[in-house]
Amino acid sequence: ATTWRGKGLLLMVIQSVMVFQIIYFAIGLYWNKKTKGWWLFFLVHLVLVLFIALLTGSRTVLLMNFIVMMIVYHYIRKPISIIKSVSIVLIVLIFASLYGIARNNLKISDGHFQTGLADSTTIAQKIRTMKSTFQYGLLPLNFIYSYEPKKLQYGLGLITPITNVVPRNIWPSKPDTSSMAMNKEYIEDRGPGPYQFPSGIIGLGVMNFGWPFGITFGFLFIILCAYFINYIYIKNIKNNPLNDFQSVLNLIITLFIVLSFPAIIPGELTNIFHGLLLTKIVPILLVITIYKQISKKNE
C-alpha cells in the first residue's frame, strides 16, 4: 500500500498515458483504420499500459479504460446491445473483485510469488473479501454516524481542491482534506494510515458543517452534480452528431466526467477532481488544441 506513496506525479503520468490510449483507439475507429500495424501498435501499447496499471494496484486505473473503450466503440462504430453491455460490466466487476483478493496479502519472499488468491484463507473468507469491494464506501458513514465530529472544518474542506496544489512542505498549515480530517477524528489508531479511508461526499458535508447541515449539503451536492451530468450528457453525447474529431474528443471528456460522478459519492472530492482535471481533461484539451491547429493548416 505504501509502494506508490509520494509518487503522485508518476501516477498522474501513468493515468495520462491511459487517456492517450483511449484517444488512439478513437482515432482508429473514427477514421476506420484497417492496417495491421495501427492495431498491432494499439495492442502492444494496451498490454504495456495494463502491466503498468497492475503495478499501481489500482482496480479503477486498471479496468476503467475497458469500460470507456466499450462506450467509445458504442457511439463511434456500432451500438452495443444492453445484454452485451451488462455482461461486459459484470465481467469487469468480477475481475475487479478477484484482483482485489489477489492484491491482498501479496507476498514476494525467497523467490516465491504469492497472491491473496493462493493463500491459506478459506473460500468463505475470500467471498467476504469480494463482498467488501462493494461495501468500502459505507465504512466512513459508520464512523461519522457514530458521533458528531468534535472539530468541524467550517468549509475549509471545500477549498482543498485549490489549496492542495501547494506542497505541504511549503505550506505546512494548509487545510486538511475532509478525508484527512475524518481519519484524524475517528481512525487515528486503527491500522495503517492515518488517512486510509475517504470521507465520501456525505462525510465531507458532516466534517465541515456537522450532522444537520452536513448531511443536507451532501445530498444537495449529489443532486446538483446529477443535473450537471445530465446536461453535459445530452449536449456532448446524446445530441452529439460526431461531425468532426473534436466532437469525438468532447464525447471522451464527457465520458470521463460522467464516469467520475459515482466516485464522488464514496471518494475524496479533492483527489477525484485533481485526477479528472490533470490526468484526463487537460491531456484531451491538449489534443483538441493540436487538432485545431492541424485543421487550420489544412483549410
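The values are calculated or read from the model by the stated rules, or taken from the named source; none is laboratory data. Because the structure is predicted, anything quoted here is derived from the model rather than measured. Cβ atoms come from the backbone with ideal geometry, glycine included; neighbour counts cover every protein chain shown. These accessible areas exclude ligands, DNA and RNA; they are computed on the full protein's heavy atoms, side chains included. Shrake-Rupley method; radii C 1.70, N 1.55, O 1.52, S 1.80 Å.
A few notes on this one:
- Solvent exposure of segment 144-286 amounts to 52 Å² per residue of accessible area, where only protein heavy atoms count and the probe is 1.4 Å.
- Subset of LYS150/LYS235; LYS34/LYS84; LYS36/LYS280 violating a 32 Å alpha-carbon distance limit: LYS150/LYS235
- Mean Cβ neighbour count within 10 Å, used as a protection proxy, ranking 157-169, 286-298 highest first: 157-169, 286-298
- Segment 170-299: translational diffusion in µm²/s, Stokes-Einstein, Kirkwood Rh over Cα pairs, 4 °C, 1.567 mPa s: 76 µm²/s
- Distance from segment 203-265 to segment 163-189 (C-alpha centre basis), Å: 25 Å
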